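Notes to accompany the following structure.
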Amino acid sequence: MCSSDLALFGLSIAFGVIPAIATVLMSFTRYLSVIFPVFVTLADALAPKSWRWALAAVGTCLLALQLVLLYRHVTFRWAG
């Protein structure tokens, strides 16, 4: 394990423990969703030029999901 992995692990622990202690856990999933550095791992996996098509596919899917969720939020169909 390299030092950057240990630093990301420590940061993940801090981001997970501090909101759990400081809040009433009503919106803890909002804080929990950014803890694990999935995007760092995904970026490392898709960094080579041979995986550019996969990077474009993942980016397109995430953009589509963001637009759908934005539409649902704007039209008050977010919850329920």
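Here are Thr29, Thr60: which of them is assigned to a helix (DSSP H, G or I), surrounded by fewer than 11 Cβ atoms within 10 Å (Cβ to Cβ) and modelled with pLDDT under 70?
When all the criteria are applied, what remains is Thr29.
Checking the conditions here, which among Ile35, Ile13, Ile21 is exposed (fewer than 10 other Cβ atoms within 10 Å of the Cβ), hydrophobic (A, V, I, L, M, F, W, C) and modelled with pLDDT under 85?
Residue meeting the stated conditions: Ile21.
Output the qualifying pairs, or none if there are none: Cβ atoms under 8 angstrom, residues six or more apart or on different chains, first residue in region 44-71 and on the phi > 0 side of the Ramachandran plot, second residue surrounded by 10 or more Cβ atoms within 10 Å (Cβ to Cβ).
Partner pairs satisfying both residue conditions: none exist.
The values are calculated or read from the model by the stated rules, or taken from the named source; none is laboratory data. As the structure is a computational prediction, the values presented were derived from the model and not from experiment. Counting neighbours? That spans all protein chains shown, and the Cβs are built from the backbone with ideal geometry, glycine included.
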